[in-house]
Amino acid sequence: MSSLAAARADNFYYPPEWTPNQGSLNKFHGQHALRERARKLDQGILIIRFEMPFNIWCGGCNSMIAKGVRFNAEKKQVGNYYSTKIWSFSMKSACCKHEIVIQTDPKNCEYVIMSGAQRKTEEFDVEDAETFELPADEERGKLADPFYRLEHQEEDLQKKKEAEPLLVRLQRVSDVRHSDDYTLNKALRARLRNQKKRVAEEEAVSRRMGLGIRLLPKSEEDAATAKQVKFCSGFEKNKREKRAAITAAPVFKNQSTSSTAAKKRLELESKRRKIKAIAASNLLTAGISPSSWSQPSVSTSGAKRISVAARIR
Ligand SMILES: [Zn+2]
């Protein structure tokens, strides 16, 4: 047996007395592959390096052992959670050699201190820490279930949508609307062209009718309403009477007209002419205000009266 421990540890040195039929070097040396760490293997204990998963208070001297401090711990199986083994780690603290026992907790994915120490409480309020809470254990378990995921996917998506900031949603809507600039521009220009054309047509119509303003487009409703309206004025009646008088009058004009109606009318006209003449002379001489003499009256001889007034001036 070689006494060169370092060479033995590396498992590279094959001493001259070794033959291949003697098996592996470990077997030849009569030792376990894990060396000293396997010295309690007959008790089911393997010695490993254990790293403290959280801050703890030592049970012996009450000093703090920080997360990440490493110990030589004896690891052994103490039970099962379903098919998962529950491991126990026992170690001696560096501060006071107090024994600390820690177990795994597969149900909660945690480490549990069994004896010799106390976990430093570092819990905090989710809101105070401005962070978010991880789903509860049952939820976490369910999330692994594809059917549960499928059933709740729609609801989750809805929740996500609601949680999105308003700006992001607006941005998305805007992106969708403005993704095709060409079509949008085309539609806008077409609309403007149509509008211009319509305005030009309306202006042409208003010019033809002698109006200073554009009229609204024709509507059937307006046309129907306009048709229902009947304007009653003296114009039609006067026109009819005049026509009747013309047809009744003799074709060849006679100086001494025999028609009594014509005589009467001539007399009336001469009377009116006299009255107007007097009023006009009064106006010229006495300076009566003009509003008193030219009272407009609806009559067939309106045009004649104006001509008289013009002559007097
Ligand atoms: Zn201690």
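What the table below lists for this structure:
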read-out: Test: residue in the stretch 119-133 that is within 16 Å of the ligand (Cβ to nearest atom) and either at negative phi or surrounded by 12 or more Cβ atoms within 10 Å (Cβ to Cβ) (or both); value: yes
read-out: Selection status of C96, at positive phi and either exposed (fewer than 10 other Cβ atoms within 10 Å of the Cβ) or in contact with a Gly (Cβ under 7 Å, 6 or more places away or on another chain) (or both); value: no
read-out: Residue match in the stretch 106-113 (condition: outside any strand (DSSP E or B) and either basic (K, R) or in contact with a His (Cβ under 7 Å, 6 or more places away or on another chain) (or both)); value: yes
read-out: Test result for N108, closer than 26 Å to L134 by Cβ and either in contact with a Phe, Trp or Tyr (Cβ under 6 Å, 6 or more places away or on another chain) or touching a residue at least 40 places away in the same chain (Cβ under 8 Å) (or both); value: no
read-out: Test result for K239, in a helix (DSSP H, G or I), at pLDDT 85 or above and charged (D, E, K, R); value: yes
read-out: Residue match in the stretch 136-144 (condition: away from the ligand (no atom under 16 Å from the Cβ), surrounded by 12 or more Cβ atoms within 10 Å (Cβ to Cβ), touching a residue at least 24 places away in the same chain (Cβ under 8 Å) and not in a loop (DSSP other than H, G, I, E, B)); value: no
read-out: Of all residues in the stretch 51-82 being touching a residue at least 40 places away in the same chain (Cβ under 8 Å) and more than 16 Å from the ligand (Cβ to nearest atom), the one that is farthest from A38 (Cα to Cα); value: F54
read-out: R49 assigned to a strand (DSSP E or B) and among the basic types (K, R); value: yes
read-out: Qualifying residue in the stretch 54-62 (condition: among the polar types (S, T, N, Q), assigned to a strand (DSSP E or B) and outside the structural domain of K142 (by TED's automatic domain parsing)); value: no
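The values are calculated or read from the model by the stated rules, or taken from the named source; none is laboratory data. In this text the structure is predicted, and so the values were computed from the model without any measurement. Every residue, glycine as well, gets a Cβ built from its backbone with ideal geometry; the counts of neighbours run over all protein chains shown.
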